[in-house]
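Engineer: One structure, as structure tokens, below. Some questions next.
The values are calculated or read from the model by the stated rules, or taken from the named source; none is laboratory data. Since the structure is predicted, the reported quantities are computational estimates derived from the model, not experimental observations. Reconstructed Cβ throughout: ideal geometry from the backbone, glycine too, with neighbour counts over all protein chains shown. Side chains are part of the model used for accessible areas, which takes the heavy atoms of the whole protein and leaves out ligands, DNA and RNA. Shrake-Rupley method; radii C 1.70, N 1.55, O 1.52, S 1.80 Å.
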Amino acid sequence: KRLILRYKQMGKPFDRYSSSEMRHTDRIAANILEWSPVFLGPIWSLALTERLDDTCVTVAWAYVGLRGLYLCLGAMFGVAKSGRNKALWVATFPSYACLSFLLGRSWKILWL
């Protein structure tokens, strides 16, 4: 809202898609949304087959915490256009490990 008011005071129209100020926020939101199905799929498959044990729950909560950390780091350091966001790696690679564990567990239960 402050950004829109600032543009209004400058006499310029605000366009969030061409605004450099909104790029980081949009990339963070897109990243969270694009990885949500990869997280929710195994969680629901494990829950529906009643195989969501304590280890899976712990890993799932760790993933949720790492996504929160990703949001904070993204807000602090931004998102590089090149994709090399070293500040975000602290949350990204452990998140991938959590997803790999959950995907492996769900594939094992559902397909083997």
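Engineer: Working only within the stretch 76-112, note down all residues that are more than 14 Å from Leu46 (Cβ to Cβ), open to solvent by 40 Å² or more (accessible area, probe 1.4 Å) and touching a helix residue (DSSP H, G or I) at 6+ places or on another chain (Cβ under 7 Å).
Structural biologist: Phe77, Val90, Pro94
Engineer: When only residues in the stretch 49-67 that are of a type in the set (A, V, I, L, M, F, W, C) and more than 25 Å from Ile28 (Cα to Cα) count, which is least open to solvent (accessible area, probe 1.4 Å)?
Structural biologist: Cys56
Engineer: Next question, about the same structure. With (1) more than 21 Å from Ser106 (Cβ to Cβ); (2) modelled with pLDDT of 95 or more as the list, and Arg6 as the residue in question, which single condition is left unmet?
Structural biologist: (2)
Engineer: While we're looking at this one, here's another question. Starting from residues that are open to solvent by 70 Å² or more (accessible area, probe 1.4 Å) and aliphatic (A, V, I, L, M), keep the ones in the stretch 9-42 and report whichever is modelled with the lowest pLDDT.
Structural biologist: Met10
Engineer: With respect to the numbered conditions (1) within 16 Å of the chain's Cα centre (by Cα); (2) at negative phi; (3) open to solvent by less than 30 Å² (accessible area, probe 1.4 Å), which one is the sole condition not fulfilled by Leu46?
Structural biologist: The failed condition is (1).
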